[in-house]
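Okay, so here's the structure we're looking at.
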Amino acid sequence: MIDYSTIERIITAAEITDVVGDFVSLKKRGVNFLGLCPFHNEKTPSFTVSPSKGIFKCFGCGKGGNSVNFLMEHEHLTYPDALRWLAKKYNIEIAETEESAEELQHKNERESMMVLNEFAWKYFSRMMNDSEEGRTIGFGYFKERGFRRDIIEKFQLGYSPEQRDAFVQEALKSGYKQEYIVKTGLGIEKNDRFFDRFSGRVMFPIHSLSGRVIGFGGRILRSDAQAAKYLNSPESEIYHKSATLYGINFARNAMVREDKCILVEGYTDVLSMHQTGIENVVASSGTSLTEDQIRLIKRFTSNVTILYDGDPAGIKASLRGIDMILEEGMHVRVVSLPVGEDPDSFARSHSSSAMLDFLKENETDFIRFKTKLLLEEAGKDPIKRSQMIQEVVRSVAIIPDRIERTVYLQECSSMLGVDEQTLFTEAARIKRKLWEKNRSGPGGRSGEQDYSPETYQPRQRQYDHPVDAPEPDVMPGALFETEEREIIRLMLNYPDKIVIELPGEHKDEVIPVTVMDFFLQEMETDNLVPENPLYARVFKEFQEKWGTPGVNIQTMLTNSQDPEISHLAVDLLTPGYQISKIHEKGGAYVRSEDQIIKILAPEILASYRSKKVKQMISVIDDQIHGYQGTDDDVLITGLLEDRRQLEELRKAYSKELRRIII
Ligand SMILES: [Zn+2]
């Protein structure tokens, strides 16, 4: 822990141009400095540093902040580590609170293991370069596979001799404790004998994010061997296989720069890609991806491209794992290599630019990829087809972003030839099931994003007690009159106006979302239907007729056979109604609705959702009130938990609302 006065001193001392200047070359422009942004690829500088304000801002990608933010972003440091970095630069002594004896011992143990691993990789490297056996067998292997000297050195590759205890003897002789040789897994104790784990293997050191060696992978070279082809260090204090990605330390900067992580399977895949000049590559080392690995990637980029060799069986097996990446809100693309090629062989036979071109041309969005794959497999079999649809919808349903989900469901609907509404209903059902599972699971999940009105189920259903919830004392729908009328009005007046633009599949491609689509999609996904029966009827008309060629929504409604609808339509389309009340009282200058529709539409929706949740909370409050004094603790606890989660959701919505208004 760093105490507050020290933090203040550090921040005051940090000179923004000085700090940024360590990483970016800056040129003075007027009162500011200008450079090429380190966070995105650009040719003309849009990265500005203001010494007077002590901040940086990129007008290309939007990144900005102070010195500490810059270091956190650029060097991927935590807040305290960024402060320590600055303290070192400006020679400020940090008063940190003392570590306990236990903490210290723990730290020493980890450090001892790291130091031993460093000794080990240097030993293996020396063995490969300086011994006859190492040169012939170890180096010979890498050379035969076409790896260049600089790549071998960069990845600190080595060779562990055939002699069964060569390494452990050397380590003991150099003063390393047997305890740590065992703990790192470099040596094995068995029946009073002490021998090497990796003898007769070429060695791939596995690095931590900061580049220290935390474990090893060893590949056996004898073809007659009974032993496993690849052997890894065992789990230890410093090596957690499930939280490690091979190559992450070499890939991290490129991952940020390219805003993409390429995922391959093995060590040599990573090496070959680096050799061809593509550095944003990591390997999951054979295991299917874990949550920790996904989070690790997410620190640097939200885009993952998975490179497969052309074997369909392997691809199918890993489909489930990929759902986890989607669940984290990341974007997954897939590239299948030509049959008979793996990333290693393909990278070796192609130049960097040919490889990049191939990736660019063959990248397929994961959902589309999965749909196509399963579609081919299911053929015309109706049972298989329905299973497949469930599979695909499941992948879509777990995507946290509502609008993205909607776009996918629409696309799947056309690819699968299934009615959109059916898919939306199915997705809502799956989401509800997942949410219920998460909620009842051990510890539950806070589930801020999972918890949406569409999945909310009043708890009372689960009990036999008759619940006398008081009747609401207002007309149904009256509570939401303002928002609902406003939503219908905007849909009717500006059906074609663009509310948002979603990023498309390719760079620079955007998918515009119109007012009509925006409300239809958002409300359908949340299973929201206007409470006012008249508005509900109009909304249904929109759902059914929107997009029908030759239909003008406005004339259709004003000429409706239903007099109530036509009356309402005329009312809402009459000018004079056009300036939204909220913005009228806001200030002297009133922009036309037309200009601010991008703000107006999301704002109304957020306000509508927020009110809906508030209503659910008040229903629960009434129930809690009704149960007080009945000693039904289980029920009340359950209701309170429901209430807490709704409260969280409400906060999220009002935050969204504030963000929009600001
Ligand atoms: Zn930028």
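The values are calculated or read from the model by the stated rules, or taken from the named source; none is laboratory data. As the structure is a prediction and not an experimental result, all values here were calculated from the model. Heads up, the Cβs are rebuilt from the backbone with ideal geometry, glycines too, and the neighbour counts pull from every protein chain shown.
Couple of notes before you dig in:
- Residue in the stretch 333-353 that is among the β-branched types (V, I, T), under 18 Å from N280 (Cβ atoms) and either in contact with a Lys or Arg (Cβ under 6 Å, 6 or more places away or on another chain) or modelled with pLDDT of 75 or more (or both) present: yes
- Hits in the stretch 56-79 (condition: assigned to a loop (DSSP other than H, G, I, E, B) and more than 10 Å from the ligand (Cβ to nearest atom)): N66, H76, L77, T78
- Here A87 fulfils each of the conditions (1) touching a residue at least 12 places away in the same chain (Cβ under 8 Å); (2) within 16 Å of the ligand (Cβ to nearest atom) apart from (2).
- Residue in the stretch 389-403 that is at pLDDT below 80, not assigned by TED's automatic domain parsing to the domain that holds K612 and not in a loop (DSSP other than H, G, I, E, B) present: yes
- Candidates L209, L296, filtered to the one that is assigned to a loop (DSSP other than H, G, I, E, B) and within 24 Å of L326 (Cα to Cα): L209
- Yes/no for G21 being within 26 Å of D259 (Cβ to Cβ) and away from the ligand (no atom under 16 Å from the Cβ): yes
Here is a yes/no grid of residues against (1) surrounded by fewer than 18 Cβ atoms within 10 Å (Cβ to Cβ); (2) over 27 Å from N249 (Cβ atoms); (3) touching a helix residue (DSSP H, G or I) at 6+ places or on another chain (Cβ under 7 Å); (4) not assigned by TED's automatic domain parsing to the domain that holds D259:
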site	(1), (2), (3), (4)
E15	yes, yes, no, yes
V20	no, no, yes, yes
V24	no, no, no, yes
V31	yes, yes, no, yes
P38	no, no, yes, yes
E42	yes, no, no, yes
L71	no, no, yes, yes
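- Residue ranges of helices (runs of 4 or more DSSP H) in the stretch 530-599 with at least 3 members at pLDDT 85 or above: 533-545
- Note on the stretch 35-55: residues that are within 11 Å of the ligand (Cβ to nearest atom) and either at pLDDT below 85 or in a loop (DSSP other than H, G, I, E, B) (or both) total 9.
- Residue in the stretch 172-180 that is within 38 Å of the chain's Cα centre (by Cα) and not assigned by TED's automatic domain parsing to the domain that holds L289 present: yes
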